[in-house]
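Every read-out reported here was derived from the displayed coordinates using simple, explicitly stated rules and does not represent laboratory data. All figures in this text were calculated on a predicted structure; none of them were measured in a lab. Methodologically, a virtual Cβ is constructed for each residue, glycine included, from the backbone with ideal geometry; neighbour enumeration extends over all protein chains shown.
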Ligand code: NCD
Ligand code: ZN
């Protein structure tokens, strides 16, 4: 029996496209299903100025295969030297949709991030004044804080004080991984949103660590206990507009994943929509998928919903997804949910 579901074309509100050969390889995987993406600026060197964001946007559009459309939403990487006036100009021109806060050292290419949060107050105040959104990687980096507690501690020590000091600032808690994150996002009012990845709805920390270490399930923030995964599932499928899709699809070559000190990131662009249909069906919430993937994000960003659609179809035979995407830098392994999936975008 076939079942199908047509929804407004989804957007990805947290996406790593990289640059050069890697971007060339992964961009079609996203553009095939998604209309827009919030493009993470953690390149080497990072996308810090309006001029760098404009040049990066041009490179993305140039890499888009003939016949595909995709509208990259550019983001500036916040450093302690970021100039509030450059940020304001990039926003006023319509180029930049958000600024990204990485605590220094929290994740891949975050070395230029923020160490002393007082030093970015003038930028945050300017953003609140002009209505520019702040995307937050919400983990502390203190070595004395357990990696599984870093999100909850960040909320208490950093995020809540920033929001109390600047209540008008519109903040997106990105890739939340805990019940603490869900609860805080829910209680945050209209100026607080949260993205959830596909893989955090599927794996908990056992998937990474039990029965042998699985580097392809290692990402940051790291997947937590089962009770947190269940809280994320409940939030994503609830219909609450606070929560929307940000895949955090983060390609690294196998060579860079399969190392004694391997890179963090799960590559999910290829099968995200099929996996989400599977998850939402399991939660008896297929009617909430369009809100999560296609409507709540644009509403938070003050943008229209895409006017085209995609159709998801469920068939009797399991869908085969490519195991790897080839790039000139080397193969990238596609996230394997570990169970058969019968949905596909058709
Ligand atoms: C991301 C990357 O590889 O750029 N990695 C990840 O595990 N999610 C960085 C990030 O978003 O933390
Ligand atoms: Zn990311």
Computed over the Cα atoms of segment 274-327, the Rg and Dmax in Å are 14.2, 40
Rg from C-alpha atoms of segment 145-198, normalised by the globular rule of thumb 2.2 N^0.38 Å, equals 1.08
Reported to two decimal places, what Rg/Rh ratio describes segment 110-258 when computed on Cα atoms with Rh from the Kirkwood expression? 0.97
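Given the C-alpha atoms of segment 195-346, compute the convex hull and give its volume per residue in Å³.
Hull volume normalised by residue count: 130 Å³.
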Considering segment 194-281, what Rg and Dmax in Å follow from its alpha-carbon atoms? 13.2, 41
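With each run of n ≥ 4 DSSP H residues scored as -39500 (n - 2.57), what mean residue ellipticity at 222 nm is computed for the chain after dividing by its residue count and rounding to the nearest 500 deg cm²/dmol?
Numbers: 12 runs with 101 residues, N = 346.
Rounded to the nearest 500, it is -8000 deg cm²/dmol.
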Largest-first principal axis extents, alpha carbons of the chain, Å: 57, 45, 40
Relative contact order, percent, segment 114-183 [alpha-carbon distance under 8 Å, six or more residues apart]: 41
By count of other Cβ within 10 Å, fewest leading, how are 58, 80 ordered? 58, 80
Over the residues of segment 39-147, compute the C-alpha Rg and express it relative to 2.2 N^0.38 Å. 1.12
Across all Cα atoms of segment 1-84, Rg and the largest Cα-Cα distance (Dmax), in Å, are 14.8, 58
Express the relative contact order of the chain as a whole percentage, based on alpha carbon pairs under 8 Å and six or more residues apart in sequence. 20
